[in-house]
Amino acid sequence: MSSNSREAILTAAKRTAQAHGYGGLNFRDLAAEVGIKAASIYHHFPSKADLGAAVARRYWEDSAASLEALLAEAADPLLCLRQYPETFRKALENNNRMCLCSFMAAEYDDLPEPVKKEVRTFTDINVAWLGRVLTAATAASPEESERRARAIFAAIVGAQLMARGRADISLFDTLIESYRAAGLLPA
């Protein structure tokens with residue numbers, strides 16, 4: 001099996017997990033989507049747990065790279081904080097999908113430990129980035145930046161969940177604006 005097959009499997013699994021969570025990952029359905037035999041997936045991912053962990057890891061790695069690119073492109077940390085919610089809005093724009101790791105976090109009790117670890121890493125990466133940017137923007141002191149970063153992360157994930165549950169992206173936008181008006185997010 002080529003690395004192209006592995007990438008195609010990961011891409012299909014990401015789409016599926018964003019729409020149906022870890023529980024929705026099914027080797028037979030993924031194989032049909034990719035155009036390979038279900039048994040061929042086992043060549044790259046010996047178990048569903050291995051696939052779930054690889055998809056979640058790829059997701060947080062891509063997210064971390066996107067956040068760092070955002071910071072590099074917009075040298076103003078306040079601008080980065082204003083743009084941060086867009087990273088979650090993009091999933092909603094893509095057929096009302098969710099952040100993959102947020103969806104999996106909702107399934108936490110049913111996840112294998114390797115998948116749980118990757119889901120926790122996604123949260124840690126986002127909270128650390130937000131804390132660093134909040135401090136750089138002087139929007140929070142170094143002592144309070146992690147607490148505020150957690151609040152921002154939780155609020156944005158919650159806004160995404162509410163918007164998805166109503167299939168209404170404008171609800172996400174309204175909630176983000178209310179966070180700005182309340183002072184949680186910089187205006």
Qualifying residue in the stretch 170-179 (condition: buried (at least 16 other Cβ atoms within 10 Å of the Cβ), outside any helix (DSSP H, G or I) and aromatic (Phe, Trp, Tyr)): no
Among residues of the stretch 6-47, those that are of a type in the set (S, T, N, Q) and over 23 Å from the mean Cα position of the chain (by Cα), counted: 1
Residues of the stretch 92-136 satisfying the condition of being at pLDDT 95 or above and in a loop (DSSP other than H, G, I, E, B): 111, 112
Search result, residues across the stretch 19-53 that are open to solvent by less than 10 Å² (accessible area, probe 1.4 Å) and not in a loop (DSSP other than H, G, I, E, B): 30, 31, 41, 51, 52, 53
Single match in 92, 100, 79 (criterion: within 19 Å of residue 176 (Cα to Cα) and crowded, with 18+ Cβ neighbours inside 10 Å): 92
Members of the stretch 138-158 found to be at pLDDT below 95 and either in contact with a strand residue (DSSP E or B) (Cβ under 8 Å, 6 or more places away or on another chain) or closer than 18 Å to residue 180 by Cα (or both), listed by number: 138, 139, 140
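Residues are listed down the side, and each one gets a yes or a no for (1) over 24 Å from residue 74 (Cα atoms); (2) among the aromatic types (Phe, Trp, Tyr); (3) open to solvent by less than 40 Å² (accessible area, probe 1.4 Å):
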site	(1), (2), (3)
111	yes, no, yes
115	yes, no, yes
129	no, yes, yes
137	no, no, yes
140	no, no, yes
150	no, no, no
155	no, no, yes
162	yes, no, no
168	yes, no, no
Residue match in the stretch 146-158 (condition: touching a helix residue (DSSP H, G or I) at 6+ places or on another chain (Cβ under 9 Å), closer than 30 Å to residue 46 by Cα, part of a helix (DSSP H, G or I) and among the charged types (D, E, K, R)): no
Of all residues in the stretch 54-76 being in a helix (DSSP H, G or I) and small (Gly, Ala, Ser), the one that is surrounded by the most Cβ atoms within 10 Å (Cβ to Cβ): 56
First in the stretch 103-131 and hydroxyl-bearing (Ser, Thr, Tyr), second anywhere and open to solvent by 10 Å² or more (accessible area, probe 1.4 Å), Cβ under 8 Å, 6 or more apart: 108/116; 121/57; 121/60; 123/105; 123/153
Enumeration of residues in the stretch 1-18 that are among the small types (Gly, Ala, Ser) and either closer than 22 Å to residue 91 by Cβ or not in a loop (DSSP other than H, G, I, E, B) (or both): 3, 5, 8, 12, 13, 17
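The values are calculated or read from the model by the stated rules, or taken from the named source; none is laboratory data. The model shown is predicted, which means the values in this text are computed figures rather than measured ones. Cβ atoms come from the backbone with ideal geometry, glycine included; neighbour counts cover every protein chain shown. We work out accessible area using only protein heavy atoms, side chains counted, and drop any ligands, DNA or RNA first. Shrake-Rupley method; radii C 1.70, N 1.55, O 1.52, S 1.80 Å.
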